[in-house]
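Chemist: First the structure, then my questions, so here it is.
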Amino acid sequence: VGSTYLRTLGQGEVIGYMKSNIGTAFLKQKQFTKAASYLTEADSAVPNHPEILNNLGIILLEMGKTEQSIETLSRSVRLDPGRAWYWANLAQALMEDRLELPAIQAYKKALGIDPTLYSKVVENLKALHHRLGTKYFRQRNLQPAADQWLEYLKLVPDDADIHNNLAVIYTHIGEYRRAWKHVRLAGIYGSPVDAAFRVKLSRLMPEPKK
C-alpha cells in the first residue's frame, strides 16, 4: 500500500496494512507461522479485505489447515470475484481437500476471467478430471465417470487406459458404437483391450467398418 494512500486512513487501518505487508514478506520467505500471525492481525484491523484474506488463505493451506484455508479463500472470492488468481488459489485448496468438482468449477471461473492462466493450472485440471472420473467409476456412477474422463481426454488424448475404461463404460450402458470408438483408440495408443472383452462386445454389436 502506497504512503499517500496510507495517510488517508485511520491509525488502525494503517497498522493493519503495515502488518499485511510484513506478513506478505514472510509468505514470500516461506516463514508461514510468522506470516499467518501478521496477516491474521491485519485481517482484524482491516476486515473483509480480499487481498489480505487471499494471502492468509494461501498461508493456511501451506500450513496444512485446509478447511480454514477454504473458508478464508471463499471469503476472498465473494468479496472480489473478478480476480482470477483468487479463484485459482481456492481451487487449489479444494483440490487438496479432495473436493474435485468444486475445484474444477473454481478453476473454470479463474480461466473465464484470465485464459492466460491455462498453462499454470492445466496439470491440476488433468488430475482433477482423472481423479473424479475414477471416483465415480468406483461408485458405479458410469455416466458421470464417462463425462469426467472425456474432459480429461481433451487434455490428454493419448491415455490408452482411459480409452479402455470408456470402452467398458459404454458397453455397460449400451452405447456400443462409442465403445468401439474407444476400443480402437486404446489400440492406437498402445494398450489394446482384453481379447475376451472384444469378443463380448462383438457379440453385442459387430465392429463398425471404418
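Chemist: So how many residues does the range 39-61 have that are surrounded by fewer than 23 Cβ atoms within 10 Å (Cβ to Cβ) and over 22 Å from the mean Cα position of the chain (by Cα)?
Modeler: Summing the residues that are surrounded by fewer than 23 Cβ atoms within 10 Å (Cβ to Cβ) and over 22 Å from the mean Cα position of the chain (by Cα) in the range 39-61 gives 9.
Chemist: So Ile188 fits all but one of (1) modelled with pLDDT under 95; (2) open to solvent by 50 Å² or more (accessible area, probe 1.4 Å); (3) hydrophobic (A, V, I, L, M, F, W, C); what number is the exception?
Modeler: (1)
Chemist: Could you check the range 126-147 and list, in sequence order, the residues that are hydrophobic (A, V, I, L, M, F, W, C) and either in contact (Cβ under 8 Å) with a residue 60 or more places away in the chain or farther than 18 Å from Gln105 by Cα (or both)?
Modeler: Within the range 126-147, Phe137, Leu142 qualify.
Chemist: Name the residue that is farthest from Ile104 (Cα to Cα), counting only residues in the range 150-163 that are crowded, with 16+ Cβ neighbours inside 10 Å and in contact with a Phe, Trp or Tyr (Cβ under 8 Å, 6 or more places away or on another chain).
Modeler: Here the answer is Ala160.
Chemist: Taking the options Leu99, Leu117, Leu9, name whichever one is surrounded by fewer than 21 Cβ atoms within 10 Å (Cβ to Cβ), under 30 Å from Ala145 (Cα atoms) and modelled with pLDDT under 95. Before the answer, list the steps.
Modeler: On the way: Leu99 fails: modelled with pLDDT under 95; Leu9 fails: under 30 Å from Ala145 (Cα atoms).
Among Leu99, Leu117, Leu9, only Leu117 is surrounded by fewer than 21 Cβ atoms within 10 Å (Cβ to Cβ), under 30 Å from Ala145 (Cα atoms) and modelled with pLDDT under 95.
Chemist: Can you give me the number of residues within the range 62-81 that are open to solvent by less than 30 Å² (accessible area, probe 1.4 Å), of a type in the set (A, V, I, L, M) and under 22 Å from Ala25 (Cβ atoms)?
Modeler: Of the residues in that region, 1 qualify.
Chemist: Return the residues of the range 21-33 that are assigned to a helix (DSSP H, G or I) and under 17 Å from Ser69 (Cβ atoms); say none if nothing qualifies.
Modeler: Gly23, Thr24, Phe26, Leu27, Phe32, Thr33
Chemist: Restricting the range 191-210 to residues that are open to solvent by less than 60 Å² (accessible area, probe 1.4 Å) and in a loop (DSSP other than H, G, I, E, B), which is nearest to Leu153 (Cα to Cα)?
Modeler: Ser191
Chemist: Just to check your reading of the model, which residue among Leu142, Leu125, Leu166 is closer than 25 Å to Ile70 by Cβ, open to solvent by less than 70 Å² (accessible area, probe 1.4 Å) and either modelled with pLDDT of 95 or more or under 20 Å from the mean Cα position of the chain (by Cα) (or both)?
Modeler: That would be Leu125, the only listed residue that is closer than 25 Å to Ile70 by Cβ, open to solvent by less than 70 Å² (accessible area, probe 1.4 Å) and either modelled with pLDDT of 95 or more or under 20 Å from the mean Cα position of the chain (by Cα) (or both).
The values are calculated or read from the model by the stated rules, or taken from the named source; none is laboratory data. Computed from a prediction, not measured in an experiment: that's the story for all the values here. Here Cβ is always computed from backbone atoms with ideal geometry, including for glycine, and neighbour counts include all displayed protein chains. Remember, those area values only see protein heavy atoms, side chains included, never the ligands or the DNA or RNA. Shrake-Rupley method; radii C 1.70, N 1.55, O 1.52, S 1.80 Å.
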